[in-house]
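Taking it in order: structure first as C-alpha coordinates, then the write-up.
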Amino acid sequence: MRDRHAPVAQEKYYWYDFEVLRLFSEHGARKFWLDDIWDFDWEACRAHAKGLNISGVPDAPVDAPPRALVLAMRVLSRLHRIQRRLRHRLTGRSGPRFG
(Lines give C-alpha, C1' and ligand atoms only; values in the text may rest on other atoms or scores of the structure.)
Protein backbone atom coordinates (compact mmCIF):
# COMPACT_ATOMS: atom_id res chain seq x y z
CA MET A 1 0.00 0.00 0.00
CA ARG A 2 1.27 3.44 -0.93
CA ASP A 3 1.93 6.02 1.75
CA ARG A 4 -0.56 8.81 1.05
CA HIS A 5 1.83 11.31 2.63
CA ALA A 6 4.75 10.37 0.40
CA PRO A 7 5.97 13.24 -1.77
CA VAL A 8 5.03 13.27 -5.43
CA ALA A 9 7.94 12.27 -7.65
CA GLN A 10 9.46 15.26 -9.39
CA GLU A 11 10.45 14.75 -13.00
CA LYS A 12 12.73 16.97 -15.01
CA TYR A 13 10.33 16.88 -17.99
CA TYR A 14 6.66 15.98 -18.19
CA TRP A 15 4.40 14.75 -20.99
CA TYR A 16 3.12 18.28 -21.65
CA ASP A 17 6.68 19.52 -22.26
CA PHE A 18 6.96 16.96 -25.05
CA GLU A 19 3.58 18.08 -26.40
CA VAL A 20 4.91 21.65 -26.67
CA LEU A 21 7.91 20.28 -28.57
CA ARG A 22 5.50 18.53 -30.94
CA LEU A 23 3.76 21.86 -31.48
CA PHE A 24 7.14 23.43 -32.25
CA SER A 25 7.73 20.67 -34.78
CA GLU A 26 4.32 21.11 -36.37
CA HIS A 27 4.09 24.93 -36.42
CA GLY A 28 7.66 26.13 -35.83
CA ALA A 29 8.90 27.62 -32.56
CA ARG A 30 8.71 31.13 -33.99
CA LYS A 31 4.90 30.99 -33.86
CA PHE A 32 5.21 30.83 -30.05
CA TRP A 33 7.79 33.58 -29.58
CA LEU A 34 5.28 35.96 -27.96
CA ASP A 35 4.03 33.35 -25.49
CA ASP A 36 5.35 33.34 -21.92
CA ILE A 37 7.13 29.98 -22.16
CA TRP A 38 10.75 30.94 -22.71
CA ASP A 39 12.04 30.71 -19.13
CA PHE A 40 12.32 26.99 -19.87
CA ASP A 41 15.26 25.33 -21.63
CA TRP A 42 13.38 23.89 -24.61
CA GLU A 43 16.58 22.81 -26.33
CA ALA A 44 17.63 20.66 -23.36
CA CYS A 45 14.12 19.19 -23.26
CA ARG A 46 14.29 18.46 -27.00
CA ALA A 47 17.68 16.74 -26.63
CA HIS A 48 16.31 14.65 -23.74
CA ALA A 49 13.23 13.68 -25.74
CA LYS A 50 15.40 12.71 -28.71
CA GLY A 51 17.50 10.54 -26.38
CA LEU A 52 14.33 8.75 -25.31
CA ASN A 53 13.22 8.37 -28.96
CA ILE A 54 10.00 10.30 -28.33
CA SER A 55 8.25 10.78 -31.64
CA GLY A 56 7.17 14.10 -33.09
CA VAL A 57 9.79 16.33 -31.47
CA PRO A 58 11.83 18.62 -33.74
CA ASP A 59 14.99 17.22 -35.30
CA ALA A 60 16.62 20.67 -35.45
CA PRO A 61 17.47 22.74 -32.37
CA VAL A 62 14.65 24.89 -30.98
CA ASP A 63 14.80 28.42 -32.36
CA ALA A 64 14.28 30.51 -29.21
CA PRO A 65 13.28 34.18 -29.53
CA PRO A 66 15.89 36.92 -29.21
CA ARG A 67 16.46 37.98 -25.60
CA ALA A 68 15.45 41.53 -26.45
CA LEU A 69 12.01 40.30 -27.55
CA VAL A 70 11.55 38.25 -24.36
CA LEU A 71 12.55 41.26 -22.25
CA ALA A 72 10.21 43.57 -24.18
CA MET A 73 7.29 41.15 -23.68
CA ARG A 74 8.02 40.97 -19.93
CA VAL A 75 8.06 44.76 -19.67
CA LEU A 76 4.78 45.05 -21.59
CA SER A 77 3.20 42.36 -19.41
CA ARG A 78 4.29 44.16 -16.24
CA LEU A 79 2.95 47.48 -17.55
CA HIS A 80 -0.37 45.82 -18.35
CA ARG A 81 -0.67 44.45 -14.80
CA ILE A 82 0.09 47.90 -13.35
CA GLN A 83 -2.46 49.51 -15.68
CA ARG A 84 -5.16 47.01 -14.63
CA ARG A 85 -4.49 47.56 -10.92
CA LEU A 86 -4.60 51.32 -11.36
CA ARG A 87 -7.81 51.16 -13.40
CA HIS A 88 -9.48 48.94 -10.78
CA ARG A 89 -8.40 51.24 -7.99
CA LEU A 90 -9.67 54.35 -9.79
CA THR A 91 -13.02 52.79 -10.72
CA GLY A 92 -13.58 51.19 -7.31
CA ARG A 93 -13.61 47.66 -8.70
CA SER A 94 -11.72 45.00 -6.79
CA GLY A 95 -10.83 42.95 -9.84
CA PRO A 96 -12.03 41.58 -13.14
CA ARG A 97 -15.68 40.56 -13.33
CA PHE A 98 -16.78 37.41 -15.07
CA GLY A 99 -20.29 36.45 -16.14
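The values are calculated or read from the model by the stated rules, or taken from the named source; none is laboratory data. Just so it is clear, the structure is predicted and the values come from calculations on it, not from any experiment. Positions of Cβ are generated from backbone atoms using ideal geometry, with glycine treated the same way; all protein chains shown enter the neighbour counts. Just the protein is used for accessible areas: all its heavy atoms, side chains included, with ligands, DNA and RNA removed. Shrake-Rupley method; radii C 1.70, N 1.55, O 1.52, S 1.80 Å.
Which value at 222 nm does the chain reach when only helices count, each DSSP H run of 4 or more adding -39,500 (n - 2.57), with the total divided by all residues and rounded to the nearest 500 deg cm²/dmol? Don't skip to the end; give the middle numbers.
Numbers: 3 runs with 48 residues, N = 99.
Mean residue ellipticity at 222 nm (helix-derived): -16000 deg cm²/dmol.
Within the set of other residues whose C-beta is less than 11 Å from the C-beta of Ser25, count the net charge using Lys and Arg as +1 and Asp and Glu as -1.
Values: positive: Arg22, Arg46; negative: Glu19, Glu26, Asp59.
That works out to -1.
How much area per residue is accessible in the chain when the probe is 1.4 Å and only protein heavy atoms are counted (Å²)?
For the chain, the solvent-accessible area averages 84 Å² per residue.
So for the chain, averaging the separation of alpha carbon pairs under 8 Å that are six or more residues apart and normalising by length, what relative contact order in percent results? Intermediate results must be reported in sequence, preceding the final value.
On the way: 49 pairs, mean separation 26.1, N = 99.
The normalised contact order for the chain reaches 26 percent.
Counting Lys and Arg as +1 and Asp and Glu as -1, each charge on the Cβ, what is the dipole of the chain about the Cα centre in debye, to the nearest 20?
With only Lys, Arg, Asp and Glu charged at Cβ, the dipole is about 960 debye.
Would you be so kind as to identify which of Pro65, Ala9, Leu52 lies farthest towards the positive end of the dipole of segment 5-98, taking Lys and Arg as +1 and Asp and Glu as -1 on Cβ and the Cα centre as origin?
Going by the charge dipole, the pick is Pro65.
Starting from the Cα of Ala60, move 7 Å in the Cα-to-Cβ direction to define the label point; list residues of segment 24-43 whose amide nitrogen is under 19 Å from there.
The answer is 24-34, 42-43.
Stokes-Einstein D for the chain at 4 °C, 1.567 mPa s, Kirkwood Rh over Cα pairs, in µm²/s?
On the way: Rh = 16.7 Å.
It diffuses with D of about 77 µm²/s by this estimate.
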